[in-house]
Each structure stands twice: as structure tokens, then as C-alpha cells.
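Worksheet for the structure shown next.
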Amino acid sequence: MKIVQLVRNGSGALEEGLSRFEWSGTTHSSMQGTLDLELMSKTVRKEMPGSNEVVEQKMSSTWQPFEMNGEWDDKWAGAGFAMDMFNDFAIFAEKTPYVRFTLDKHSIQGLLTNFKVKYKTASKISWTITISPHKNDTFTANTGTSIDFTRKSIDQWWKQFQLQLAALNVLRAQRPKIPMATSFADKFDSLLSAVNSALTAIGNIATNGLQSNAERELLKAASLFRRVRGAALDAFFNTRQAANAIDVAKNDVLGTLNYDSWIHPATQQFWIMMGEAKQAEVDMLTRVGLYHPIAVYRPLGGESLERISQKFYGTPDNASLIYDANHLSSVVLDGNELLTIPAMSNQ
């Protein structure tokens, strides 16, 4: 389950902002029970002149506000989790933000209009959220769903995460200036090592290409992106809770400021990595489910799709299959692509 604030960019189009909350079964914070949606139609009834026949005309249809319930509990995600979620989501809800709510394959845009909690203890807090829908994404796309995900080749995803890892390593190098407990510094190193290990394995796949066992390798890549996401999730919560472990001198204003300027970009970077690793995982799984690829191929600069079609299908006539499967915007290839070669229906 995910709730993301939508904001308008310079051109007026809606895009996802940095304020986002994503919960799953692993943290037991996803919605409990069922999602009850109601589509209400407004009608006008009139009697036909000169008869008793009644005609009813539909004026409009609107999705009605709906509630979701759940619980934050420290036993699922570590000490301080429930209070952190309560504090952060309360600040988020105060803005009455326009959001996209996503549950599994269902997506709705609307205003977050109400947030209620049942406070049991600081470690166990029940919540109720009300959303007033403006648009049901699930029914607006030609495919029956408009839940979009980013499409990139494996090497593009890998390079993107390499940049994020580089940014985290910069923060790691700044640690000597930050008054923090050795235990947390060691934990931060361990978490970065887990991310780097998964990215190294992804890099091996991206560098070598997949001209055999393509489905298996794509599934392996999806699993590795899931590992990146898990490590980033662990790092996010550990960094958020680090205030309990970091030895910040309360009377040292400079030390406190240095700590604040370090902790916020670190948690934000891990949060972004979590979201993008999920997109990368979905991208890999979708390629397998839609195309059952026979290979993932890096073309030569200037190589034509017809030649690639000849190489894999024995005929140049299936170039359009490769073009469509990779969402290409041009038939001119520069050699930086990593193309999914889809199976033909009779293969």
C-alpha cells in the first residue's frame, strides 16, 4: 500500500512529490480488511408530459469518500516505529494533501481529508485514514489500469543506482564530522555493503547481456532489485532511529546542526532508493510476464532492428516486435541500449 503526495510541476502537470508513505506485509502496516469503494450516480427524474411514464436521467457519477484502517506496531519494524509513523503521517495529513493511493493493482487520486488514531501505547497505534476520491486511475486507461511504472534497461537501472550509492558514500565519508556512536557507524557501513553487493551482481548481468536463459536472468535481476530495496528499507529505518544511538552533545549547537544536515539527506536517499528499486523489480518481472524474452541483447552502434531480427528470428520482418517491446522512440541505435528480444507466439 502506498500514499504519495501529488504536486504540479512548472508545466502544470501532476507528478509525485517526495512526501510518500509505503507499507507492506513485511511491516504489517498495510490496510487491514477490505477496501470498500462506492460509485454514486446523481440522477434527475421527470414525468413525461401527457403520461405517467417517468424518465430518469443520469447527471454525474462520483466516487465516494472511503476509510482505511491499520496499525503501527514496534514489534514489526523496531523500537520507535509506531511513534515515528504517527508523527510523520500527522504532519503529512495536516497539509490535507492531494495524493495517489495505491493498493496492489488499484490506484486512486484524491484528497486526504481525515486522519484518526487510537493511541494504545507509544509502541502500538491504530490508524484510520479517509480519502475523498477525485479520479479512479484504475478505470481511466485503455488497458484497464493506469498504474504506471518506469521502463529502463538493466544497465540503465544499474547506472542509476550507482549514482545513488555514490551519493551515500559521500555521506559516509562525512561521518567523522558527525558525533555518532560507533555501533551506528558500523551498522551504516554494513547496510551500504549489502546494497553494494546486490548492485555488483546486477552490474554483472547488465555488463554481460543475456543471450541465453534470458527469463531466468531477468527473474534473478528482479530478485536482486528486491534485495536492494530490502537493504534500503533496513537502512532507512535504522537511520531514522539513529537518534537513540547517536551521541549528540545536547549543548553542542554545531554538532547538532551537523547531525541534522547529515541525517536528513541520508534518510531521503535511502527512501528514494527503496521506491526506485521497487520500480526496477516490477520492470524486470513485467518483461518476463509480457514478452517471455529469448534474449537481452546489446546492439552495435548503428545496427538496424532488421539485422537484429534476422539474428534472433531468422528473418528481418520481425523488427517491429523488438521496437514495440522496448518502447523505442527511434530505429537508430547508438549501442547504449540493452534490448529485450521477445519470444514469438509460435516459439
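The values are calculated or read from the model by the stated rules, or taken from the named source; none is laboratory data. Remember, predicted model here, so these are calculated numbers, not experimental data. No Cβ is skipped: glycine too gets one built from the backbone with ideal geometry, and neighbour counts run over all protein chains shown.
Report, by residue number, each residue of the range 273-331 that is assigned to a loop (DSSP other than H, G, I, E, B) and in contact with a strand residue (DSSP E or B) (Cβ under 9 Å, 6 or more places away or on another chain).
Pass one, the range 273-331, residues assigned to a loop (DSSP other than H, G, I, E, B): 292-294, 298-304, 314-315, 326-331.
293, 294, 298, 299, 326, 328 - these are the residues of the range 273-331 that are assigned to a loop (DSSP other than H, G, I, E, B) and in contact with a strand residue (DSSP E or B) (Cβ under 9 Å, 6 or more places away or on another chain).
Looking at 51, 41, just one residue is outside any helix (DSSP H, G or I), in contact with a strand residue (DSSP E or B) (Cβ under 6 Å, 6 or more places away or on another chain) and either at pLDDT 75 or above or on the phi < 0 side of the Ramachandran plot (or both), and that residue is 41. For residue 127, the stated conditions hold: it is surrounded by 14 or more Cβ atoms within 10 Å (Cβ to Cβ) and in contact with a Gly (Cβ under 6 Å, 6 or more places away or on another chain). Checked against the criterion of being surrounded by fewer than 16 Cβ atoms within 10 Å (Cβ to Cβ) and at pLDDT below 90, the candidates 139, 184 yield just one match: 139.
Close Cβ contacts (under 6 Å, 6 or more residues apart or on different chains) running from residues in the range 255-275 that are closer than 15 Å to residue 192 by Cα to residues that are surrounded by fewer than 17 Cβ atoms within 10 Å (Cβ to Cβ) comprise 269/167.
Residues considered: 108, 125. Of these, the only one that is modelled with pLDDT of 80 or more, in contact with a helix residue (DSSP H, G or I) (Cβ under 6 Å, 6 or more places away or on another chain) and not hydroxyl-bearing (Ser, Thr, Tyr) is 125.
Of everything in the range 60-99 that is part of a strand (DSSP E or B) and in contact with a helix residue (DSSP H, G or I) (Cβ under 7 Å, 6 or more places away or on another chain), the residue that is farthest from residue 15 (Cα to Cα) is 73.
Of the residues examined, residue 22 is not one that is under 20 Å from residue 100 (Cα atoms) and at pLDDT 80 or above.
Consider residue 164 carefully, then state whether it is in the same structural domain as residue 284 (by TED's automatic domain parsing), over 28 Å from residue 326 (Cβ atoms) and modelled with pLDDT of 75 or more. Let's see the steps before the verdict.
Values: in the same structural domain as residue 284 (by TED's automatic domain parsing): yes; over 28 Å from residue 326 (Cβ atoms): no; modelled with pLDDT of 75 or more: yes.
Against the criterion (in the same structural domain as residue 284 (by TED's automatic domain parsing), over 28 Å from residue 326 (Cβ atoms) and modelled with pLDDT of 75 or more), residue 164 does not qualify.
Evaluation of residue 337 against the conditions (1) among the acidic types (Asp, Glu); (2) outside the structural domain of residue 233 (by TED's automatic domain parsing); (3) part of a helix (DSSP H, G or I) shows that the sole unmet condition is (3). Going residue by residue through the range 269-290, is there one that turns out to be over 22 Å from the mean Cα position of the chain (by Cα) and at pLDDT below 75? No, every residue in the range 269-290 fails to be over 22 Å from the mean Cα position of the chain (by Cα) and at pLDDT below 75.
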